[in-house]
Amino acid sequence: MLGFMMRRSLRRMLSFTALSVAIAAVATTTIALVLTARVRADNDRDARAFVEEQRIADHITALTYQQQLDAYRFLLSADSGSIRRFDAKGDVAEAEMRRYLFYTLSTSARLQIERMRELHQAFEVVAHRGFELVKQGDTASARLRLSQLDNDAAQLDDAVSSFLQIRLAQHDALEEKNRSIAQVVRTILILAGVALVFLAMGIARSVSRRVLLPLEHVIRTTEALKRGNADARVGPQEYDELKSVASAFNEMAEQMQLSRDQAEMQNEELRESLEQLHVTQDELVQRERLSAMGEMLAGLAHELNNPLGSVLGMAELLEVEVQSSPQPEIRHLESTVVLPLVREARRARDLVRNLLSFARKPVAALDHVSLADTITSSLSHCAAAFAQSQKNIRVSADAELFVRADGVKLEQVILNLATNALDAMKAGGGTLLSIRAGGDSKTVTVVVEDDGPGFADPHSAFTPFYTTKSSEHGTGLGLSLVQKFVSEFGGTVSATNRTPNGARVTITLTRAEAPVVIPAAEPVPEPSNEVAAAPRGRAPRVLIVDDEPALLEVQRRMLTMAGMTPILASSGAQAMEIIERDPPDLVISDLRMPGEIDGRALLGWLSVAYPPLAARALLVTGEIAHEMDNALPVPTERVIRKPFTLVEYRERVEAALRSDER
Ligand code: ADP
């Protein structure tokens, strides 16, 4: 029972309430019915008793009068049968009066019955005295005595009537009492009905409060959930059934939220993938565009290199000639014609070199490059220009920072950014270029900033050929190259403006371990000095091999100007003949030449026939295809790239000649 009360079950509560109401209704109705039945039975019994009492009264009165008649008959005929009949009827009357005593009677009624019995006995005593007198023959006294019976009978009749009056009054009182009881029962029934109505209303209210309100709460919570309020939950409930509903609902809401969270996560992932896809697509398009453009430019640049090489070489030679001319009008040509010619030829060369950079395939394997060293070496190329323009450079890069990159290209990246910063500061103010590098275990970030005017449009800065500089100073390829190289290294680059002014380029690269340093091997002595470099006191004899007469001529003049003896060969085969006849001190060969013996074949033959000559031979090339397909047969310091300047050419040649002396 305690458990029943403790566990708050709605079904039990409702069953309990319904049972209580039913019991109350049944009990009330039963009590009412029992009371009503009892009252009715009481009334019926009383009514029947009263009828019986009336009948008894009538019988007693009738018997008394019949006894009177029997007494008079005896007086007239002295028949003893009349006395017997008189007595028998008297006994019946007496018995009838005694029957009254079986009823429930009031004291006054009982007293009245006693009086009736006394009167009847007195009546019979008077009659028997009269009978005695008749038997004695005293008829006159007997008649007198018997005449007294009328009076006695009338008195008995009155007593019976009085008794009936008393009983009638009693009966009326009982009826009145029962009517009151019935009235009370009716009132109780009405009150019970009203109480039941109130009880029903109370139960309805209680059910509504305990069941409907929680259900409305559930409905409101469902609506809230439908409207997108994911936190909507059903609160704690009092009853077991509602607790189950609430916990099932809350579980469902949790599940929904979980599913929604998962869906949102998947959406987010999809969105990110889509964005990544767009970025990759843009990059691919950009790369595709650059690669197509690169191929086209490579062809164009290669075709331009040879004539440009001749023009630049000739122009520089002309400059020297003009400078040393004794005629003032010729010397005057230096500033008006020759210098602009040299400058424009150099600009054309720079442009072609930049164009060629686009065509270069990414290097197959990236190195572990020291960032600090690369920055230092890049800046060494432009430090003089910064100093000349009174602009400062501040570098902060940890010596431990290594990145995955190609050293030469990374150098060009930094150089391009530094040159751009210098140009911007020269044109729009600002004095400081700052290069900072830092990183975590995976990436290294390089920030190149200046306090110049900033980008006119940072979004267009990486677009090929976008430039705000005059055609004399800008090609619009510097930042495109930066982006191309950085993406080859697997990194990213972005351009923004600083507040309040200045430009910022941020590069992110993959961090690399410091390379393992292998100790340099002992220099191996030259196997033979069959062909030594120029002996002291004699001008070095240098064999130039080139199929382009103009370039042959340019080189001839450059060597002559450097005090060397040029020997010319216009093909590989001719060069071999000359070498076999009289080996020179140095061979400088064009890489690509018509005929069977090109520069590569000539070098191959030399390395077998004249190893020392092969070891210091120089290769002149304007080719990009060879770089991409096969490694060049000589180290980079022995490659002269077309178009070359007088200074570059001379340096390379002298270095090659010197290499033999070491
Ligand atoms: P170029 O230098 O030949 O114009 P780039 O691709 O290197 O080509 O640069 C493109 C353009 O980006 C420049 O013309 C210039 O407008 C802008 N730019 C590059 N660097 C800076 C800088 N540090 N400050 C302001 N503008 C810059």
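Spin-label model, Phe102 to Val608: label points 7 Å out along the Cα-to-beta-carbon direction sit 16.5 nm apart.
For the range 1-138, the gyration tensor built on C-alpha atoms gives a prolate shape. Its axis ratio a/c (a ≥ b ≥ c) is at least 1.5, and a/b is the larger of a/b and b/c.
Under 15 Å from the Cβ of Gln262, count the other residues' Cβ atoms, weight Lys and Arg +1, Asp and Glu -1, and hand me the total. With Lys, Arg at +1 and Asp, Glu at -1, the neighbours total -3.
Classify the range 405-453 as rounded, prolate or oblate from the Cα gyration tensor: take a ≥ b ≥ c as the square roots of its eigenvalues, call it rounded if a/c is under 1.5, otherwise prolate when a/b beats b/c and oblate if not. Display every interim value, and only then the final one.
Numbers: a/c = 4.45, a/b = 1.70, b/c = 2.61.
In terms of gyration-tensor shape, oblate.
Averaging the Cα positions of each part gives two centres, and for the range 404-456 and the range 64-116 these lie 154 Å apart. Please work out the C-alpha center-to-center distance from the range 304-350 to the range 459-504 and express it in whole Å. So the two Cα centres are separated by 32 Å. Working note: Cα gyration tensor of the chain, eigenvalues times five, square-rooted, sorted largest first, giving semi-axes of 157, 24, 18 Å. Considering helices alone, the calculated mean residue ellipticity of the chain at 222 nm is -23000 deg cm²/dmol, with DSSP H runs of length four and up weighted by -39500 (n - 2.57) and normalised per residue. Mean separation of Cα pairs under 8 Å and 6 or more residues apart, divided by the residue count, gives the chain a relative contact order of 9 percent.
Would you mind giving the three semi-axes, in whole Å and largest first, of the ellipsoid equivalent to the range 90-215 according to its Cα gyration tensor? If you can, show how the numbers build up before the last one.
On the way: eigenvalues 955, 24, 10 Å².
So the three semi-axes of the range 90-215 are 69, 11, 7 Å.
Cross-chain or 8 or more residues apart, Cα under 14 Å: how many lysine pairs in the chain fit that? Count them up, please. Eligible lysine pairs with Cα atoms under 14 Å apart amount to 5. Look at the alpha carbon pairs under 8 Å that are at least 6 residues apart: their mean separation over the length of the range 433-476 gives a relative contact order of 24 percent.
With contacts taken as Cα pairs under 8 Å at a separation of at least 6 residues, the range 30-132 carries a relative contact order of 25 percent.
Values quoted throughout were computed directly from the atomic coordinates according to the rules given, and no laboratory measurement underlies them. Note that the coordinates shown come from a computational prediction; the quantities given were computed from them, not determined experimentally. Note: ideal-geometry Cβ built from the backbone for every residue, glycine included; neighbour counts use all protein chains shown.
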